[in-house]
1. With loosely packed, with under 11 Cβ neighbours inside 10 Å and among the polar types (S, T, N, Q) as the only criterion, which of Gln26, Gln101, Gln77 stands out?
2. Taking region 1-23 only, how many residues are in a loop (DSSP other than H, G, I, E, B), polar (S, T, N, Q) and loosely packed, with under 11 Cβ neighbours inside 10 Å?
3. Pick out the one residue from Val155, Val208, Val143 that is touching a strand residue (DSSP E or B) at 6+ places or on another chain (Cβ under 7 Å), under 23 Å from Leu99 (Cβ atoms), outside any helix (DSSP H, G or I) and aliphatic (A, V, I, L, M).
4. Might you check whether a residue that is in contact with an Asp or Glu (Cβ under 6 Å, 6 or more places away or on another chain) and either touching a residue at least 60 places away in the same chain (Cβ under 8 Å) or surrounded by 11 or more Cβ atoms within 10 Å (Cβ to Cβ) (or both) occurs anywhere in region 46-58?
5. Restricting the first residue to region 1-20 and requiring it to be within 16 Å of Leu48 (Cβ to Cβ) and not assigned by the TED database to the domain that holds Gly37, which pairs with a second residue that is part of a helix (DSSP H, G or I) and of a type in the set (Ser, Thr, Tyr) meet a Cβ separation below 8 Å and a spacing of at least six or different chains?
6. Any idea which of (1) more than 30 Å from Gly80 (Cα to Cα); (2) of a type outside the set (Gly, Ala, Ser); (3) crowded, with 16+ Cβ neighbours inside 10 Å is the one Phe169 doesn't satisfy?
7. Any residue at all in region 80-102 that's part of a helix (DSSP H, G or I), within 19 Å of Gln164 (Cα to Cα) and of a type in the set (A, V, I, L, M, F, W, C)?
8. For region 29-45, enumerate the residues that are more than 22 Å from Ile167 (Cα to Cα) and either touching a helix residue (DSSP H, G or I) at 6+ places or on another chain (Cβ under 8 Å) or surrounded by 13 or more Cβ atoms within 10 Å (Cβ to Cβ) (or both).
Amino acid sequence: MVVNSPSVSRHFSDLQESFDTLARYQLKLNPVKCSFGVQAGKFLDFLLTHRGIEANPDKCSAIINMRSPATVKEVQQLTGRMTSLSRFLSKAADKSLPLFQCLRKNDRFAWTDECERAFGELKQALTSPPILTKLQVDSLLLVYLSASDNAVSAVVVQEKGNSQLPIYFVSRVLQGAEVRYQKIEKLALTIVITARKLRHYFQSYETVVRTDYPIR
C-alpha cells in the first residue's frame, strides 16, 4: 500500500484517512515493514520517486550482468526476470521473441545468433529504462497500438505541455490462431489485452486509442 500526497500537511490527513479505513475493516500493518515520510522507496520491485516509477536497478543489473544462457532452464530464468521489467520496455515481446521461440523448440537446445542479438538489445534497453510518469488527476490517456507478425504492443502515455510521457508499456507474443489474424484484428486484440491489464486506468480516466492503421 502506498499513500502519496501533494504536500506534507496533506499527507498527515491522508494517512489518518488510510488508518481509519484499515481499522474499519480490522486490518493491521506490520510496523517493521512500514516507512513513513519518505521521498522515495521500493514497492513491488519498483522504485517510487518524485520523478515517477523507476525500474529497480538491481533487477536491471541482474540481467545486464547475466551471461548468455546455455540451457532451457537458464532461458526460462531470463524470461522470468524480464517479465517484471516489461512495463518499462517498448515492444518487449518483439524484442524477446527469439528467446520464446528458443523455448518452444522440441529438439536440442540451440542458442542462435538471433537469440544473442535479442539478448544484447534487451541488455542495452535496460541500461537506461524510461521513467514512467505519475498519473495526473483528470488526465487524458493516449494509447498507441502496434502489431507485428508475431506480437502486439501498446504504450499508454499522458501529455504534459508539448511532451508525451510514458505511463505503461504492454506487449504480448501472439499465440496459436492469433498469428493468422488480420492487422485490424491484431490491433483490436491489443486493445483488449491492454484494457484487461490496465483495467483501473481505463475505468478511471478518459482514454483515446490511436494507431496509424486505416480503419476504413
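1. Details: Gln101 fails: loosely packed, with under 11 Cβ neighbours inside 10 Å; Gln77 fails: loosely packed, with under 11 Cβ neighbours inside 10 Å.
Among Gln26, Gln101, Gln77, only Gln26 is loosely packed, with under 11 Cβ neighbours inside 10 Å and among the polar types (S, T, N, Q).
2. Restricting attention to region 1-23, the residues satisfying the condition of being in a loop (DSSP other than H, G, I, E, B) are 1-7.
Going one step further and asking which of them are polar (S, T, N, Q), we end up with 4-5, 7.
Then keep just the ones that are loosely packed, with under 11 Cβ neighbours inside 10 Å; that gives 4, 7.
The qualifying residues number 2.
3. Details: Val208 fails: under 23 Å from Leu99 (Cβ atoms); Val143 fails: under 23 Å from Leu99 (Cβ atoms).
That would be Val155, the only listed residue that is touching a strand residue (DSSP E or B) at 6+ places or on another chain (Cβ under 7 Å), under 23 Å from Leu99 (Cβ atoms), outside any helix (DSSP H, G or I) and aliphatic (A, V, I, L, M).
4. Restricting attention to region 46-58, the residues satisfying the condition of being in contact with an Asp or Glu (Cβ under 6 Å, 6 or more places away or on another chain) are 47, 56.
Checking which are either touching a residue at least 60 places away in the same chain (Cβ under 8 Å) or surrounded by 11 or more Cβ atoms within 10 Å (Cβ to Cβ) (or both) leaves us with 47, 56.
The answer is yes, given that some residue of region 46-58 is in contact with an Asp or Glu (Cβ under 6 Å, 6 or more places away or on another chain) and either touching a residue at least 60 places away in the same chain (Cβ under 8 Å) or surrounded by 11 or more Cβ atoms within 10 Å (Cβ to Cβ) (or both).
5. Met1/Ser18; Val3/Ser18
6. That leaves (1) as the condition not met.
7. Taking region 80-102 first, the residues part of a helix (DSSP H, G or I) are 80-83, 86-88, 92-102.
Next, only the ones that are within 19 Å of Gln164 (Cα to Cα) stay: 87-88.
Now narrow it down to the ones that are of a type in the set (A, V, I, L, M, F, W, C): 88.
Yes - at least one qualifying residue is present in region 80-102.
8. Within region 29-45, Leu29, Phe36, Gly37 qualify.
The values are calculated or read from the model by the stated rules, or taken from the named source; none is laboratory data. As the structure is a prediction and not an experimental result, all values here were calculated from the model. Glycine also receives a Cβ, built like all others from the backbone with ideal geometry; neighbour counts cover every protein chain displayed.
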